[in-house]
Each structure stands twice: as structure tokens, then as C-alpha cells.
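Inspection log for the structure reproduced underneath, given as C-alpha cells.
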Amino acid sequence: MASRSDGRGEPIIVVLLGPPGCGKGTQAGRLVEEFRFKHYSTGQILREEIRRETDLGMQVRELMESGELVPDEIVGKIVKARLDRLSGPGCVLDGYPRNLSQAEYLDEIRGSKPLTVVNICVPDEVVVKRLAGRRFCANCGNIYNAYFSPPERVGVCDRCGGELLRREDDREEVVYERLRVYHEETQPLVRFYKGRDSYEEVNGDQAADQVYDEIGRAVGTMVP
Ligand code: AMP
């Protein structure tokens, strides 16, 4: 079980690990609600740069749309800027770190902020189905799945009536590439973190509420 031996009083950092489509975004949203954490999703931040057509967005667009990782220096800078000004109960890192050098960099920049790592485990075949069916509301960001949690009207958000879209990198051929990158680059992080007492594994192949029961319990032990 996670424990908190140092950094008392410092904001805590929760890292959500797991393959694309394991539910990191959904679970991060719940942690934010319950613990008042900040939510830092590197993928979301980069997609916003692309949407706004900034220089950074133009630089990363092709890599992201083909399912590759963007350079470590780019995401490192994004995360460091946020951790440097982090106050309050803490934050959830959703999508960072994604490889060993990012994990080492995170240990360097977090100072004495305690870290807890939650690995959300989901088999590849479930990932493929979840991502291929995933849709998001262009207006409010609500997430649906064409197979598992469809909206009442096809293509329309139940919550706000906005248009439902598919992420460029949720196209089937890109999903396989993202999974390959995950196994090659990100999965080795499990070994990096596993020996620590603040590492938890949860079964992500169950209903979101049940997944959250496990995550909330693990994170709850870290919060004063
Ligand atoms: P996500 O929304 O977490 O699935 O990320 C979408 C895409 O953003 C990834 O496939 C990468 O191209 C890029 N990305 C997000 N986080 C990172 C990261 N920590 N390192 C490198 N690339 C990232």
C-alpha cells in the first residue's frame, strides 16, 4: 500500500500509467473531483497547441497523428513549468512519463514532492476496441464509446448537444502503432517503479466505477 514517508505538506504527484485507452483521462477526472488535484494531460495540452496552430502545435502534429512520441525535451518543459508552480493538494500526471528518460527527469524535477504511481492494466484487445469506438464532444469534451457507452443519438453529445468527433490518432492503423510504442517505450516503466512502496496496480478491465474504487483507495492513503 502506498505510504508517505517524506515531503509532508508538499503537493503530491499521482502518475497514471497504462496503455492508451486504459481510462487514464476518465480516472484522472475523478481524482481531480475527489481530491481537488490539478490535471496535467500532456496529450491534451499538445492537442490544444495543434488546435490553436501554434509553432509548437505545428512541430508535433505529424508525430502525434502517426502515434509516435514527441521529443522528451518538449514534454519535459511542459511538465516542469507546471510542477514548478504547483501548490495545493497535488496533481495527476496523465500521459507523463512515457519512457525511462522522462521518468528519470521527473524524479529530478519533482524535488521533495511525493510521487505515487498507479498502473492501470488492460489487455491489448480491449484497448483496440475501446480506442476504435472512442468519440469525444467537440464542445464539452465528454467521452463516449460507440460500443460500450454510446450517446442516445449517433454523433450528438447527450450532455450539451455538441458534435461527437474521433481523435486523429484513434484511427485503427494508428492505434496499433500507439500500442507498439507503449510496449516498447512505456511498459519498461513498470519495472522502474515496481520496487517502490508507492506503486499500485489496478485492474482497468472493469467498469470505471470499480476501477476508481481501487485507485481512490490507493491515492487516499497518500493524502493527509
Ligand atoms: P495521449 O493523449 O496521452 O494518448 O497522448 C497522445 C499523443 O501525445 C501521444 O501519442 C504522443 O504523440 C503525445 N504525447 C503525450 N504525452 C507524451 C509524452 N509524455 N511523451 C511523448 N509524447 C507524448
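If T54 satisfies all but one of (1) within 17 Å of the chain's Cα centre (by Cα); (2) hydroxyl-bearing (S, T, Y); (3) surrounded by fewer than 16 Cβ atoms within 10 Å (Cβ to Cβ), what's the number of the condition it fails?
(1)
Please indicate, with yes or no, whether at least one residue in region 162-179 is more than 16 Å from the ligand (Cβ to nearest atom), closer than 22 Å to T116 by Cβ and not aliphatic (A, V, I, L, M).
no
Name the residue that is farthest from the ligand (Cβ to nearest atom), counting only residues in region 72-121 that are polar (S, T, N, Q) and in a helix (DSSP H, G or I).
My answer is S101.
Pairs please, first residue from region 95-117 and at pLDDT 95 or above, second anywhere and outside any loop (DSSP other than H, G, I, E, B) and basic (K, R), Cβ atoms under 7 Å, 6+ apart in sequence or on different chains.
Here the result reads G95/K24; I109/K80, each pair linking region 95-117 to a residue that is outside any loop (DSSP other than H, G, I, E, B) and basic (K, R).
This table checks each residue for (1) of a type in the set (A, V, I, L, M, F, W, C); (2) near the ligand (Cβ under 10 Å from one of its atoms); (3) surrounded by fewer than 24 Cβ atoms within 10 Å (Cβ to Cβ).
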residue: E10; (1), (2), (3): no, no, yes
residue: G21; (1), (2), (3): no, yes, no
residue: T26; (1), (2), (3): no, no, yes
residue: V32; (1), (2), (3): yes, no, yes
residue: F35; (1), (2), (3): yes, no, yes
residue: T42; (1), (2), (3): no, yes, yes
residue: L46; (1), (2), (3): yes, yes, yes
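Please name all residue pairs, on different chains or six or more residues apart, with Cβ atoms under 9 Å, provided the first residue is in region 11-37 and is touching a residue at least 40 places away in the same chain (Cβ under 8 Å) and closer than 15 Å to P97 by Cα and the second residue is in a loop (DSSP other than H, G, I, E, B) and among the hydroxyl-bearing types (S, T, Y).
Pairs that qualify, where the first residue is touching a residue at least 40 places away in the same chain (Cβ under 8 Å) and closer than 15 Å to P97 by Cα and the partner is in a loop (DSSP other than H, G, I, E, B) and among the hydroxyl-bearing types (S, T, Y), are V15/Y96.
Restricting the search to region 201-222, which residues are surrounded by fewer than 19 Cβ atoms within 10 Å (Cβ to Cβ) and assigned to a strand (DSSP E or B)?
Correct list: E201, N203.
Go through (1) more than 18 Å from K38 (Cα to Cα); (2) touching a Ser or Thr at 6+ places or on another chain (Cβ under 8 Å) one by one and return the number of the condition T116 breaks.
The one condition T116 does not meet is (1).
The values are calculated or read from the model by the stated rules, or taken from the named source; none is laboratory data. All of these numbers come straight from a predicted model, not from anything done at the bench. Neighbour counts run over all protein chains shown; Cβ positions are idealised from the backbone, glycine included.
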